[in-house]
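Single-structure report; data block below.
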Amino acid sequence: MKKKIITLIFLLAIVFCVSTKIHYTFGFNAYPYLFVLFLALIPPLKSRIYKIYDTFILPILMISLGLSLFIPKISLLYDVDNSYYNRFVITLSNIGFLCLTLYILTFAFSFFYIRIKNTLKSLPKEDFILILAIGLILNIICAIYISKNLTVYYWDTAGYWKITRTIMDKSSSLVDFINNVLYSVKHEDYNYIPIVPVSLFYYLFGSNRTVFVLSLINFYTIPSLLLLYYFIKRFSFENPKTTFVLSLLFYPYIYYTAIIGFVDVGGIIISLLVLILYFNGKISYGKSFVISMLLALLYLFRRWFLFWSVSFFIASFIAIFFVKDKKLKLERFKHLIFSGFSFGFLLCFYFWPLVYEKLLKTNYSEIYKAYSFSLAFDISLFLNQIGIVTILSFILGALFALYKKKEEITYFLINQFLICFILFKLTQSHGQQHLLLYFPSLFYFTCSFISFITQKPKAKIFSTALGIIITFSVVFLPYGVSDPLDKFKAAKIIPGIRLQSEMRFDILDLISFKKKMKNLCGNDKKFVFLSSSFYYNYDTIANLESSIGFDELDNSFLLYNPQVDLRDGFPYVLFNADYFVVPTPIQTHLPQNTQLVITIPAQLLLNNEGFGKAFEKIEEIKMIAPNYEYITFNIYKKAREITLEEKRDLAQRFWEHYPENPLFPSPLQFE
């Protein structure tokens, strides 16, 4: 009896505090939904405490609702000091936040612990040996590839490597590390969640490039392969082991993305867990809640995975109509609605600043307009990165699955692929890493095709030989092109991706150039590198030493200039620069009319116009770019302060292209 009373009081405190947190933060009544939420978490865990919780949940919530509604009125009636009342509410709010978090995490841990334990027991040792063998091969390939590289890493291939070094250096304790991660999730586009497991490798083995990429292989790629194998085995393909290995030969893309430094491959783990849970066994409210947690985590992991989460709900809804059992169809619908509300609740309750600033207020289709190309570009990217042969196996596998395996997952994966593609394309064109959104569908239907044709010995030999050719081509053959953009333009019979070691012959020139700028700037001067091409950009200079294995220099003398107009906005940093370096020809990686923040100031400096009159050219440095084109670095030094008229002139030049855009001030705003 005492245990029941203690449990009742504890649960009353949790519900009341959580209710207060929601009421205080959002100003709306969420009690009915909390009732459904807590009630839904009961069935999977059959312990006594949850049975007690289930029995008393309704009266507890009624009491909580009453207290929350009447406490403010009581405080007004008896003229309670507002400062004490606010402290009381904030304290309850924090306690409720902590209690709910611990409850959800405990529930999720219990949920996964039971299933992982049972799954690991069900897999034979031979299966683990297979995955470990593949993992060992990938580690060796990765180490060899990086050891032979002499290049500079930039943009997405370097972003999270740099973030890992930064957060580990500024986190003096585990508490600091956690606080930094949580702050980044709420406020930054590139949050720190993907590097949480990577940071363990950093702590143990150091910060060099090899350690970073090996951590991606071991924490993300190998677990992804294990889940892929279980996923394939779960859906009863013929000869699952053979089917998995042969299909993997058709998709070197899965490990290539990790080897070149994309943390995004970790999203495959989360998306596969969602699919396994959703299509494996009976659905329950507890499982639906865990699925909503995973979908929220997927969005937090990398923001563009939101397209996968949204397309999951839409495709699941469509797939329900293909379920023949009416009772099962109704159950699917109820649990899907519940998952959708839970997904929204978790994001709003824990990450409201992110939801408000990044989802509700930000128009991504506008700020990434520069990255929106033709439909032909996106299709060419698929055919280039995945290869015509592999895409053909995917299409044939989908047709075979529609004809032979008329299952809910078949309709789901086809619909989700199409819906996700359409939603993403409406926002921007795909990049190299964005193809990971479609990997579960691609791999599943290729497995469907391979499983079918390998039933015939001759077809099995042919598909094996073809898969080996694809994988060996990626590992051993050179690109055959010198322009990075050309690697994505044309469709390829086999994937256009290569693990050929990159050798930049201008490294020494870049080191000499950076030393010169460091000496010119001294301790108090700053310079801006007005360039944004694949070969020469801010990251090329900032990441130079770390990329080639040297100790990283202090880059405080190098100012970051906006690169893309509608994403970054007006280049205020230009007014703080003491030196400019302008390469000729002017360097951009997108159409120049979308990178005016580079081209306009560069032209003004080169032509000695506008604010460029305040600077004088002091030196030219000639070098040969990696694509064998001659390039000149023009160095400009500030001769006098920039006048108000020159600032307004610069603003006017941008205003003519982007009138009424809040990212670009009008000339009159400069005083």
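Quick rundown of the values:
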item: Conditions (1) part of a helix (DSSP H, G or I); (2) buried (at least 18 other Cβ atoms within 10 Å of the Cβ); number of the one not met by Lys515; result: (2)
item: Selection count where residues are open to solvent by 60 Å² or more (accessible area, probe 1.4 Å) and either touching a helix residue (DSSP H, G or I) at 6+ places or on another chain (Cβ under 6 Å) or modelled with pLDDT under 90 (or both), scope the range 403-429; result: 4
item: Residue among Asn543, Asn555 that alone is touching a helix residue (DSSP H, G or I) at 6+ places or on another chain (Cβ under 6 Å), open to solvent by less than 10 Å² (accessible area, probe 1.4 Å) and within 20 Å of Gly159 (Cβ to Cβ); result: Asn543
item: Checklist (1) crowded, with 16+ Cβ neighbours inside 10 Å; (2) small (Gly, Ala, Ser); (3) more than 25 Å from Pro495 (Cβ to Cβ) applied to Ser247, failing item; result: (3)
item: Ile131 assigned to a helix (DSSP H, G or I), farther than 17 Å from Val198 by Cα and open to solvent by 40 Å² or more (accessible area, probe 1.4 Å); result: no
item: Yes/no for Val196 being at pLDDT below 85 and open to solvent by 30 Å² or more (accessible area, probe 1.4 Å); result: no
item: Filtered residue count, the range 623-648, keeping only those that are crowded, with 18+ Cβ neighbours inside 10 Å and more than 25 Å from Thr151 (Cβ to Cβ); result: 5
item: Output for the range 491-508, where each listed residue is within 19 Å of Ala625 (Cβ to Cβ), of a type in the set (A, V, I, L, M) and open to solvent by 70 Å² or more (accessible area, probe 1.4 Å); result: Met503, Leu508
item: Single condition Ile232 does not satisfy, out of (1) touching a residue at least 12 places away in the same chain (Cβ under 8 Å); (2) under 20 Å from the mean Cα position of the chain (by Cα); result: (2)
item: The range 136-165 - residue that is under 18 Å from the mean Cα position of the chain (by Cα) and open to solvent by 20 Å² or more (accessible area, probe 1.4 Å) and, of those, nearest to Leu553 (Cα to Cα); result: Lys162
item: Out of Arg648, Arg653, sole residue that is closer than 30 Å to Phe373 by Cβ, part of a helix (DSSP H, G or I) and in contact (Cβ under 8 Å) with a residue 12 or more places away in the chain; result: Arg653
item: Within the range 345-377, considering residues that are open to solvent by less than 40 Å² (accessible area, probe 1.4 Å) and more than 19 Å from the chain's Cα centre (by Cα), the one modelled with the lowest pLDDT; result: Phe349
item: In the range 656-671, the residues that are part of a helix (DSSP H, G or I) and open to solvent by 30 Å² or more (accessible area, probe 1.4 Å); result: Leu668, Gln669
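Yes/no per residue for (1) open to solvent by 10 Å² or more (accessible area, probe 1.4 Å); (2) part of a loop (DSSP other than H, G, I, E, B); (3) under 22 Å from Gly159 (Cβ atoms); (4) touching a Phe, Trp or Tyr at 6+ places or on another chain (Cβ under 6 Å):
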residue: Tyr229; (1), (2), (3), (4): no, no, no, yes
residue: Lys241; (1), (2), (3), (4): yes, no, no, no
residue: Thr257; (1), (2), (3), (4): no, no, yes, no
residue: Val265; (1), (2), (3), (4): no, no, yes, yes
residue: Ile270; (1), (2), (3), (4): yes, no, yes, no
residue: Leu273; (1), (2), (3), (4): yes, no, no, no
residue: Phe312; (1), (2), (3), (4): no, no, no, no
residue: Ser316; (1), (2), (3), (4): no, no, no, no
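One line per residue, one yes/no per condition, for (1) out of contact with any Ser or Thr (no Cβ under 6 Å at 6 or more places or on another chain); (2) over 30 Å from Ile291 (Cβ atoms); (3) modelled with pLDDT of 75 or more:
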site	(1), (2), (3)
Leu69	yes, yes, no
Lys73	yes, yes, no
Asp79	yes, yes, no
Cys99	yes, no, no
Thr106	yes, no, no
Ser110	yes, no, no
Asn118	yes, no, no
Ile134	yes, no, yes
Leu138	yes, no, yes
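Conditions tested, residue by residue: (1) over 30 Å from the mean Cα position of the chain (by Cα); (2) farther than 24 Å from Asn149 by Cα; (3) modelled with pLDDT of 90 or more.
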site	(1), (2), (3)
Asp483	no, no, no
Lys492	no, yes, no
Asp509	yes, no, yes
Lys516	yes, yes, yes
Asn523	yes, yes, no
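Residues checked against (1) modelled with pLDDT under 95; (2) farther than 26 Å from Asn519 by Cβ; (3) buried (at least 21 other Cβ atoms within 10 Å of the Cβ):
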site	(1), (2), (3)
Tyr560	yes, no, no
Val564	yes, yes, yes
Arg567	yes, yes, no
Phe575	yes, no, no
Ile586	yes, no, no
Pro591	yes, yes, no
Glu609	yes, yes, no
Gly612	yes, no, yes
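The values are calculated or read from the model by the stated rules, or taken from the named source; none is laboratory data. These numbers were taken from a predicted model, which means no experiment stands behind them. Positions of Cβ are generated from backbone atoms using ideal geometry, with glycine treated the same way; all protein chains shown enter the neighbour counts. What goes into the accessible areas is simple: the full protein's heavy atoms, side chains included, and nothing from ligands, DNA or RNA. Shrake-Rupley method; radii C 1.70, N 1.55, O 1.52, S 1.80 Å.
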